[in-house]
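Asker: Mind having a look at this structure? Questions to follow.
The values are calculated or read from the model by the stated rules, or taken from the named source; none is laboratory data. All values derive from a computational prediction rather than experimental measurement. Neighbour counts are summed over all protein chains in view; Cβ atoms, including those assigned to glycine, are modelled from backbone coordinates with ideal geometry.
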Amino acid sequence: MSSIIYFDNAATTPLANEVLEVMLPFMKENFGNPSSSYSAGRTARLGVEVARKKVAQLLGVTPTTIFFTSGGTESNNTAIAAAVRDLGCTHIITSPIEHHAVLHTVEHYSHHNNITFSLVALTENGEVDYKDLEQQLQAQTQAGKKVLVSLMHANNEIGTLLEMSHVGKLCRQHNAIFHSDCVQTVGHYPLNLSEAGVHFISGAGHKFHGPKGVGLLYVSNEIKINPLLYGGGQERNMRAGTENTYGIVGFARALEMAMEAFEKESQYINQLKQYMKAKLTAAIPGVGFNSPDHSLYTVLSVCIPQSPKTDSLLLELDMAGICVSSGSACSTGEASHVMKALRKDNNSTTIRFSFSKFNTQGEIDVVVTKLKELLS
């Protein structure tokens, strides 16, 4: 990596060298089209299918449930579209702090497909109110609606976590379809999807030191959906288009590495998060935190009291070679929809620090010292 200090790993992570090493042969020697019948194509096809089998094994499911996509946004769009188009869902329950890849998709189908939607209530910390979710499910099913519940496993800005298995049980009780945006948790937690009660999940390789432009969509064997893209027989007739062979191979290797080192690396990253929280508390009067104690270990959302000096804080940090964000990398400038939903958009400036195994305490010391200097 360059000399920058990078604390925006929830937006994207640097590609691991070991991942690049397994990708290179499929960029150079094994470059054949996986749909071709000759040996070069068969070698590429083998790379894709070995990767699919590995990913399925790591997620506790069968290879037939794993479809490779271009990333989390495509996977989210596909899941919601399929639930409406193929599974007969006529009402969607989601939350006000979902990623825009979910919220904007839900709004689209609400406007164009006569679909209704509602937002689940949140606790003060931004966690899902499960009692409200249950009441909404009961009310919609009693009204004759087929419900899709789309709730993210971990919020990308504040790190709140969803009790996925609990939501899965509620959905089964009300014959609802359950989709979870797991972009921030695939590669960061061991997941057994066969036990989670979920029908769809989304993931993205670049969130855990894999390549950009490749993601996954898990589709439970319990449901049947139609293709979203037509034109070829790729991905078992579900997604037409030549496969991103080296991206898929890289995705599988990155996930394998992440799960092999989960205990050690998650402990290390969580220590970095707690260290930064303590250093910020000591250095900046009035600092607060949007991330609850039990939250995604890679994310720390910080509230700095508003002052004239905070208006250009991100720019000043960038000029000092420090990469952080105000929230999602997809929405810069004004307060994010997450902060607005939590009513924390008026009297403070929010900075999201997100960590990886490549960060150090020394980098944290530099960042906290710089922040103290800029705010003094």
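Asker: Condition first: under 18 Å from residue 185 (Cβ atoms) and among the β-branched types (Val, Ile, Thr). Now tell me which residues in region 290-311 satisfy that.
Answerer: Correct list: 298, 299.
Asker: Residue check: is residue 246 touching a residue at least 40 places away in the same chain (Cβ under 8 Å), over 15 Å from residue 48 (Cα atoms) and either touching a Cys at 6+ places or on another chain (Cβ under 9 Å) or crowded, with 21+ Cβ neighbours inside 10 Å (or both)?
Answerer: Judged against the criteria, residue 246 is not a match.
Asker: Would you check which residues across region 5-31 are farther than 30 Å from residue 322 by Cβ, modelled with pLDDT of 95 or more and buried (at least 16 other Cβ atoms within 10 Å of the Cβ) and list them?
Answerer: 22, 26
Asker: Looking at region 255-289, which of its residues are touching a residue at least 12 places away in the same chain (Cβ under 8 Å), closer than 19 Å to residue 185 by Cβ and either of a type in the set (Asp, Glu) or surrounded by 15 or more Cβ atoms within 10 Å (Cβ to Cβ) (or both)?
Answerer: Hits for region 255-289 are 255, 256, 257, 258, 259, 265, 266, 268, 269, 272, 273.
Asker: Next question, about the same structure. Only one of (1) touching a residue at least 60 places away in the same chain (Cβ under 8 Å); (2) of a type outside the set (Val, Ile, Thr); (3) outside any helix (DSSP H, G or I); (4) surrounded by fewer than 17 Cβ atoms within 10 Å (Cβ to Cβ) fails for residue 218. Which number is that?
Answerer: Only one criterion in (1) touching a residue at least 60 places away in the same chain (Cβ under 8 Å); (2) of a type outside the set (Val, Ile, Thr); (3) outside any helix (DSSP H, G or I); (4) surrounded by fewer than 17 Cβ atoms within 10 Å (Cβ to Cβ) is unmet by residue 218, namely (4).
Asker: Same structure again: What helices (runs of 4 or more DSSP H) lie completely within region 228-330 and have 3 or more residues being hydroxyl-bearing (Ser, Thr, Tyr)?
Answerer: 262-283
Asker: Among the residues of region 190-199, is there at least one that is touching a helix residue (DSSP H, G or I) at 6+ places or on another chain (Cβ under 8 Å), among the hydroxyl-bearing types (Ser, Thr, Tyr) and in contact (Cβ under 8 Å) with a residue 12 or more places away in the chain?
Answerer: No, because not a single residue in region 190-199 is touching a helix residue (DSSP H, G or I) at 6+ places or on another chain (Cβ under 8 Å), among the hydroxyl-bearing types (Ser, Thr, Tyr) and in contact (Cβ under 8 Å) with a residue 12 or more places away in the chain.
Asker: Moving on to the next point. So which of 98, 74 is surrounded by 16 or more Cβ atoms within 10 Å (Cβ to Cβ) and either part of a loop (DSSP other than H, G, I, E, B) or outside the structural domain of residue 139 (by TED's automatic domain parsing) (or both)?
Answerer: On inspection, the qualifying residue turns out to be 98.
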